[in-house]
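Before any comments, here is the structure.
The values are calculated or read from the model by the stated rules, or taken from the named source; none is laboratory data. Only a predicted model underlies this, so the values are computations on that prediction, with no experimental measurement involved. Calculation scope for accessible area: heavy atoms of the full protein, side chains included, ligands and nucleic acids excluded. Shrake-Rupley method; radii C 1.70, N 1.55, O 1.52, S 1.80 Å.
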Amino acid sequence: MSIGTLLAYSLVAACVLILRYQPDGSYAKPSCNPEKENLTSEDGEMELMESESQLAMLKEGGFTLQTVLNPSMLPTEQSSTVVNIAVSVITFVVCIVSTLTTYKGEAVLAMESWILGLLAVCLVVFIVCLLVVWRQPQTSKKVSFMVPMLPFLPVLSVFVNVYLMVQLSGDTWIRFAVWMAVGFLIYFGYGIRHSLEGQRDEDDDSVHREMANKNSSEGAEDDVNADENNHFIIHEKTSEC
């Protein structure tokens, strides 16, 4: 496989993993269930306390060990940020492990202490980040592309693709870097300003500017009318006197 194909597969796997943990946007109250009407008052109080704790966790903005390891049942911006950071760390660790096993294979076979310790640290960080992602709540929305065994299957896909990319020669990486630089130059120099999305944004900005100018002109007219009314009232009062 080419380096572009492997990179595309890696990006797709990472995006599938990240999108499944995006927040739904609103906290929906659970619908009334007739079967739960027969609960005792003690069970009702426990459910009320649990729902209040979940709402408090949804409103929290800081990162604590409790919120990371024991998040709410609904995805939030905080849990999404935790997943993004964990996926980034997993990708970085996978790159380190793939590089070490590819270019320092002799040291691994020789059981040298430094590389074994480094691999052990990478393994611990990898497992911790994977468990953190696994603990986060998933979105209830139906996304366009879903995979089973989340988050293990996308992480395995990222690991395999990155490992195969590291196996490629240096000339391949040089050609890839050159063509990526050319593509970025074309995109940021021409494409981003002449794309349909960019034109749509410009149209939206122009509409907003027109609305703002219209509102400002209407406000100025109202001020003028108010001043005229005030002058008219003052003139009537003086004439009466």
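Side notes on the structure shown:
- The apolar share of the surface of the range 51-188, taken as the fraction of accessible area on carbon and sulfur atoms (1.4 Å probe, ligands and nucleic acids excluded), comes to 73 percent.
- Taking all protein chains into account, the per residue accessible area for the range 77-171 stands at 58 Å² (1.4 Å probe).
- Residues whose placed amide H lies under 5 Å from that of Tyr21, excluding near-sequence neighbours: Thr139
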